[in-house]
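Heads up: the structure comes next, in structure tokens.
The values are calculated or read from the model by the stated rules, or taken from the named source; none is laboratory data. What you see is a predicted model; the values in this text were computed from it and never measured. Ideal geometry is used to build each Cβ from the backbone, glycine not excepted, and the neighbour counts take in all protein chains shown. We work out accessible area using only protein heavy atoms, side chains counted, and drop any ligands, DNA or RNA first. Shrake-Rupley method; radii C 1.70, N 1.55, O 1.52, S 1.80 Å.
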Amino acid sequence: MSPNIQQKLDQLRRKLAGWILVHGLARWLLVVLAVLACDLLLDRVFKMDFAQRIIMLLVIATTALVYLGWRVVRPLLKRANDDSLIYEIELKNPELQENLISSWQLSRETQLESYGISSELAAATIHSGIARAEQIDFGKSLDRPHHQQNWLLLLAGVVLSVALGFGIAKTDLLRTWFNRNILLLDDQWPQGTYLEIVGVQNGKLVIPRGTDYRQLVYITDDSTVQEISVSLEIDSLGGRTVQSMKPTGKMNGREQSHVFHNVSSNFRFRAAGGDDVTEWIDVELVEPPAVIELELNALLPAYTGVPSLVLTGNGPHAVLTGSSLQIQIKSNKALQQANLKIGGEPIPLLSMGDDRYGLTLAPDQLRGGEYEIALLDESGLANSRPSKFSLTMKEDQPPKARASLLGISGLVVPQASLPVSYQATDEFGLQRMFFDCQWTAVTETEQQPTQRDLPFADFANQESALREIKDYAVLDLRPLQLTPGTSFRFSVAVVDSCPSPPGIGKSQEFLLRIVTNEELRADLLRREIEQRKAFEQAYEVQMELASEIQAIAVKRAADGVSPEQFLTQRESELIALVRNQKSIGTSIARVADRFEEFLVEVKNNRLDEAENEVAPSQKIETRFDTGIIQPIRKLDQELVSLATRNLDNCRRSSAQDAELTLAVDQTSLIHQQILVEMKKILDAMNDSENFQEVINDLLRIKDDANLLKTDIEKKLKPKDIFDQTESDIFDK
């Protein structure tokens, strides 16, 4: 074949490749633009979320690559052979009458003679085909009108692409689409309403696990349509649900909220309202920071003797004023910050390592109220359930004291000693005790109030704090030099160990009247007579009881009274006698108690000293104890109790006359012994009263004699008489 023909075939092949390239690129470009237009339309209408935009971007890229390979790359890779080209040339040029293809085929044969073909004829055919082929244009074999169409389509695609680029640079619509769907940014389409989900960072929302979380959504200020309802579309393991949000009443109605209850698994959600639909927000659950250990240790003031006090639980804990407070917590995770809030004022807790944080509050920082521990973990998440405890500040209460007088009535003499039984307690320690005494001395011209503290116990040097004591002390009135007629008050006071100011506690106040020995003896004699009369009354009741038991024994049923009624009545009478017998024992025991008190009162007032000087053989303790108190005790414990048991035996035997008579006889014998002993005691009481009257008279005479002697010794000397005025002399 002629080189010229081969050259023309190669040139046709290159034109064919250009034709295929223009054809493929034109359609590829238009298809890509169409897909981009569909993407823009879908996103503008449906506002695709981030995942959907990624999918569409993948679809666009895949479509572009696949169509480019199918329409451009694949046809270019298929090289057309010479036979195919010559065949297409013959089809487009009928005037060749297949000479070109015949000459092309004969030129490739080398053994024409074997087929019976003349070599001269073959050469003439080849030469004729080449001559005709050189006279035609192979390029006419291509579809030039179609090729022109392809160029127009390619040009249109290029123009549209340039317009798209210009629109992306100059228009908000295309720029927003490009940023959202090609660059995958978070640009929003122009709309009337814009929603903002609070708390979202990088498309995620961190929520504490197991809590109720209140999600807020704002309708932004630049929204032209703000009066809308907002809903949340929630995508969880249970499927998708839509929850309506509620306005909170803040930000002029632009803030709406919804509560996720007891969040326990991951989910995602988005907000929709007006013409805005936000991106899907992935919810990530994390364990919120929490206090897993809380240690409170109150450091009390030094004077209390208590170094520290562990406070357990959340309180309220009562803490002594002046104390410090050590606070230590352990968190469940590493923290960015830990604060102790007192009335809204935060105080940082210092890190102690191993997720422990602590602080010591000084006394001036400590106050009553609620304390809250606020935690913030390293991701900025706060504790959802604040750990709280509360304190109440208590002042150091003054010590408590109780006291009672032993053997003292309301009347005392100036030389009396007052035995006082006392009991004192304090929470942190006792320091000292004293008698707080107050009285008013009445003179001829004025009243002089006096107050004096008489210490009687000091515990300052104790090795350990003394917090409770129970003892007795004696208040001696002689050093006070009280005069008869004085009203004397005193109480037992105790001072605690608090340094400033010390607490002082006092017992009840005792009020006494200072009288002369003669007045107190007269009062004691009066009370002694009262007790003797009380004993006489018991004696009379005992006599009546002795008569009644004998009458019951001989009593028989009256006419019309059944035996059962009679026995019931008899038993009731015997029960009454048992009660009366017990009452007699109680009455005489009370008389013995009063006489014991009289004896103690006499000794406390030192009245027995003067009596012993006048009648040493008739001491009052002998008269009272031997003649009255001990006999009454013996009578009560032996005879009266025996009589009570016998009367009860009579009650049990009331149904049998013979047994009752025997029991009554035994009881009557005891009653007679009781009456004899009671008569002896009454005689001793009368003798004591008579003797006491005599003693009182003798002591009164002795006091008068001493007073007369004193007056004589104080008689003025003659020179002193002349120093006085006339009126003074006659007054004397």
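Scan the stretch 262-270 and give yes if some residue there is touching a helix residue (DSSP H, G or I) at 6+ places or on another chain (Cβ under 8 Å), assigned to a loop (DSSP other than H, G, I, E, B) and either buried (at least 17 other Cβ atoms within 10 Å of the Cβ) or touching a residue at least 40 places away in the same chain (Cβ under 8 Å) (or both), otherwise no. No, the conditions are met nowhere in the stretch 262-270. Quick check: is even one residue across the stretch 564-581 of a type in the set (Lys, Arg) and open to solvent by 70 Å² or more (accessible area, probe 1.4 Å)? Yes, the conditions are met somewhere in the stretch 564-581.
Can Ser331 be described as touching an Asp or Glu at 6+ places or on another chain (Cβ under 8 Å), among the hydroxyl-bearing types (Ser, Thr, Tyr) and surrounded by 14 or more Cβ atoms within 10 Å (Cβ to Cβ)? So Ser331 fits the description; yes.
Between Pro348, Pro363, which is within 24 Å of the chain's Cα centre (by Cα) and exposed (fewer than 14 other Cβ atoms within 10 Å of the Cβ)? Criteria check complete, one pass: Pro348. The set of residues in the stretch 686-697 being more than 23 Å from Glu536 (Cα to Cα) and either surrounded by 15 or more Cβ atoms within 10 Å (Cβ to Cβ) or touching a Cys at 6+ places or on another chain (Cβ under 9 Å) (or both) consists of Ile695, Asn696.
Per the conditions (1) under 23 Å from Leu300 (Cα atoms); (2) open to solvent by less than 20 Å² (accessible area, probe 1.4 Å), the sole criterion not satisfied by Ala473 is (1).
Summed over the stretch 618-649, residues that are open to solvent by less than 20 Å² (accessible area, probe 1.4 Å) and within 20 Å of Glu596 (Cβ to Cβ) total 7. Of all residues assigned to the stretch 285-295, at least one qualifies as being open to solvent by 40 Å² or more (accessible area, probe 1.4 Å), under 30 Å from His261 (Cα atoms) and at pLDDT below 85. Scanning the stretch 569-590 for any residue that is among the charged types (D, E, K, R) and closer than 30 Å to Val412 by Cβ turns up at least one such residue. Residue count for the stretch 627-654 under the criterion of being of a type in the set (Asp, Glu) and in contact with a helix residue (DSSP H, G or I) (Cβ under 8 Å, 6 or more places away or on another chain): the result is 2. Does Gln337 satisfy the condition of being within 13 Å of Ile373 (Cβ to Cβ), open to solvent by 50 Å² or more (accessible area, probe 1.4 Å) and out of contact with any Lys or Arg (no Cβ under 7 Å at 6 or more places or on another chain)? Yes; evaluated as a whole, the condition is true for this residue.
How about the stretch 296-328: which of its residues are among the polar types (S, T, N, Q), part of a loop (DSSP other than H, G, I, E, B) and either touching a Pro at 6+ places or on another chain (Cβ under 7 Å) or crowded, with 17+ Cβ neighbours inside 10 Å (or both)? The one that is among the polar types (S, T, N, Q), part of a loop (DSSP other than H, G, I, E, B) and either touching a Pro at 6+ places or on another chain (Cβ under 7 Å) or crowded, with 17+ Cβ neighbours inside 10 Å (or both): Ser323. Among the residues of the stretch 247-261, those identified as farther than 17 Å from Val206 by Cα and either more than 33 Å from the chain's Cα centre (by Cα) or surrounded by 12 or more Cβ atoms within 10 Å (Cβ to Cβ) (or both) are Pro247, Thr248, Lys250, Met251, Asn252, Gly253, Arg254, Glu255, Gln256. Which is over 47 Å from the mean Cα position of the chain (by Cα) and either without any contact (Cβ under 8 Å) to a residue 24 or more places away in the chain or surrounded by 13 or more Cβ atoms within 10 Å (Cβ to Cβ) (or both), of Arg478, Arg402, Arg467, Arg489? Selected residue: Arg489, the only one of Arg478, Arg402, Arg467, Arg489 that is over 47 Å from the mean Cα position of the chain (by Cα) and either without any contact (Cβ under 8 Å) to a residue 24 or more places away in the chain or surrounded by 13 or more Cβ atoms within 10 Å (Cβ to Cβ) (or both).
Among the residues of the stretch 366-388, the ones that are open to solvent by less than 70 Å² (accessible area, probe 1.4 Å) and within 30 Å of Ser497 (Cα to Cα) come to 3 in all. Residue under question is Ser497, and the condition is that it be in contact with a Gly (Cβ under 7 Å, 6 or more places away or on another chain) and hydroxyl-bearing (Ser, Thr, Tyr); does it hold? So Ser497 fits the description; yes. Taken over the stretch 650-685, residues that are part of a loop (DSSP other than H, G, I, E, B) and either in contact (Cβ under 8 Å) with a residue 40 or more places away in the chain or open to solvent by 20 Å² or more (accessible area, probe 1.4 Å) (or both) amount to 3. When Ser244 is tested against the conditions (1) hydroxyl-bearing (Ser, Thr, Tyr); (2) in contact with a Lys or Arg (Cβ under 9 Å, 6 or more places away or on another chain); (3) open to solvent by 50 Å² or more (accessible area, probe 1.4 Å), the lone failure is (2). State whether the residues of the stretch 411-420 include one that is touching an Asp or Glu at 6+ places or on another chain (Cβ under 7 Å), in a loop (DSSP other than H, G, I, E, B), open to solvent by less than 40 Å² (accessible area, probe 1.4 Å) and under 30 Å from Arg478 (Cβ atoms). Scanning the stretch 411-420, I find no residue that is touching an Asp or Glu at 6+ places or on another chain (Cβ under 7 Å), in a loop (DSSP other than H, G, I, E, B), open to solvent by less than 40 Å² (accessible area, probe 1.4 Å) and under 30 Å from Arg478 (Cβ atoms), so the answer is no.
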